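Every number here is computed from the coordinates shown, using simple stated rules; none is lab data. Nothing here was measured: the structure is a model prediction, and the numbers come from that model. Methodologically, a virtual Cβ is constructed for each residue, glycine included, from the backbone with ideal geometry; neighbour enumeration extends over all protein chains shown.
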Amino acid sequence: MATTTLTPPSLGITDLVSLGDLSSAALRRVLDVASEIKSRPLDFSDLLKGKRLSMVFEKESLRTRFTFDIGMQDLGGSATFLDLSNSPRMGARESVRDMAKNLERWTHGIVARTYRHRTIVELAHTASIPVINGLSELLHPCQALADTMTLLERWGSLQDRRVAFIGDGNNTCHSLMTAATKLGMHMVVCTPEGYEPDAEIERAAVAAAEESGGSYTLVSDPKDAAEGAHALYTDVWASMGQEDETEERAAIFSDYSISDDLMDLTDEGVFMHCLPAHRGHEVSRSVIDGPQSIVFDIAENRLHAQKAVLALLLAPEEVN
Ligand code: CP
Ligand code: NVA
């Protein structure tokens with residue numbers, strides 16, 4: 001069982017519900033541990049020996065499911081997946097609390113992907129084991145860890161770098177706003193009217209940026225967002241659970257698609273997307289499949305970033 005030489009020893013959290021619960025220093029520590037584990041994975045292969053992870057998903061997943069499962073295996077533990085995508089939402093068959101009180105008797109941590117954000121909050125409040133948000137309608141913290149890790153690897157420092165999110169101001173955007181502003185970046189969000197980020201998350205982003213030397217700006221014209229940006233980010237226009245709104249949203253968001261023309265306005269910017277992507281909708285095929293795209297680097301880093309989260313939450317005493 002390896003140890004890293006990183007300090008301080010504690011993240012100050014026992015669950016990962018929101019990156020907003022992490023200090024900037026704790027967020028940097030997660031990214032440091034992720035990079036450490038990525039650079040010498042075999043040194044961590046026994047870290048979670050004998051530990052089991054519950055994965056309870058109300059929605060489909062490729063990346064989150066695979067990377068948590070493989071991450072547990074890489075760290076010497078195991079994961080068990082409960083697919084609730086064809087079942088009533090959590091809380092219908094039995095209460096969320098009862099579910100938590102069962103899972104904590106058999107396993108050492110829970111990753112949950114839910115529709116309602118409050119389901120994850122309730123799991124975290126009632127389970128005596130760490131609960132990790134694997135995406136809710138409000139937040140996607142593990143995604144933003146991989147996003148910022150990937151940019152950090154590329155640029156060495158995030159301070160004063162400008163990232164523009166163009167699209168729907170929901171879960172992926174929210175967590176990126178939180179991470180980017182805590183890490184000193186200039187975060188620009190560009191959405192159609194009515195699809196702006198949550199006001200409370202915006203206020204927290206402004207406050208975090210004031211402390212870190214970054215900034216947060218909301219604009220409505222994609223060209224203003226793209227101008228001088230070092231990274232352009234987008235996500236699907238209709239998230240899971242919003243399939244009925246697909247056509248309506250395609251019309252509302254049609255001017256917000258990331259094209260070569262928009263990329264040309266950036267400062268040699270990279271293209272980012274959490275995936276899955278819809279080519280010809282939120283991004284053109286030439287951009288996502290072109291040389292500026294780093295989408296698969298990000299997808300790879302989901303694995304390393306989440307291994308850091310698992311290590312720090314499930315075996316904090318070992319990672320110091
Ligand atoms: N980006 C992301 O979370 O992908 P999945 O929905 O496939 O897990
Ligand atoms: N906003 C998307 C993210 C998928 C990873 C959704 O919620 O479906």
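For segment 151-275, the Cβ-based charge dipole about the Cα centre amounts to some 580 debye (Lys, Arg positive; Asp, Glu negative; other atoms uncharged). When only the Cβ of Lys, Arg, Asp and Glu is charged (+1, +1, -1, -1), the dipole of segment 5-87 relative to its Cα centre reaches about 120 debye. For Pro316, the shell of other residues with beta-carbons less than 13 Å away shows a net charge of -1, using +1 for Lys and Arg and -1 for Asp and Glu.
Once you charge only the Cβ atoms, +1 for Lys and Arg and -1 for Asp and Glu, what is the size of the charge dipole of the chain about its Cα centre, to the nearest 20 debye? It works out to roughly 1420 debye.
Annotation: extensible slack from Val219 through Asp160 equals 19.4 nm (criterion: 0.36 nm per residue apart, minus Cα-Cα distance).
Largest GNM mean-square fluctuation across Glu282, Glu153, Glu227, computed for the chain with C-alpha springs under 10 Å, falls on Glu153. One chain, two ends: Ala207 and Ala250. Fully extended at 0.36 nm per residue, the span grows by 12.2 nm beyond their Cα-Cα distance. Placing unit charges on each Cβ (+1 for Lys and Arg, -1 for Asp and Glu) gives segment 87-128 a dipole about its Cα centre, and among Asn102, Met90, Leu123 the Cα reaching farthest toward its positive end belongs to Met90. Taking a 32 Å limit on the Cα-Cα distance, which of the listed pairs Lys101/Lys182; Lys223/Lys307; Lys59/Lys182 fall beyond it? In this structure, Lys101/Lys182; Lys223/Lys307 exceed 32 Å between Cα atoms. Provide the FRET efficiency to the nearest 0.05 for the Asp83-Glu317 pair, computing r from the beta carbons and using R0 = 25 Å. About 0.15, to the nearest 0.05. Spacing of the modelled spin labels on Arg105 and Asp43, each 7 Å from Cα toward Cβ, amounts to 4.0 nm.
Helix 24-39 and the longest principal axis of the C-alpha atoms of the chain enclose an angle of approximately 80°. For the pair Asp98 and Gln73, label points projected 7 Å from Cα toward Cβ lie 3.4 nm apart.
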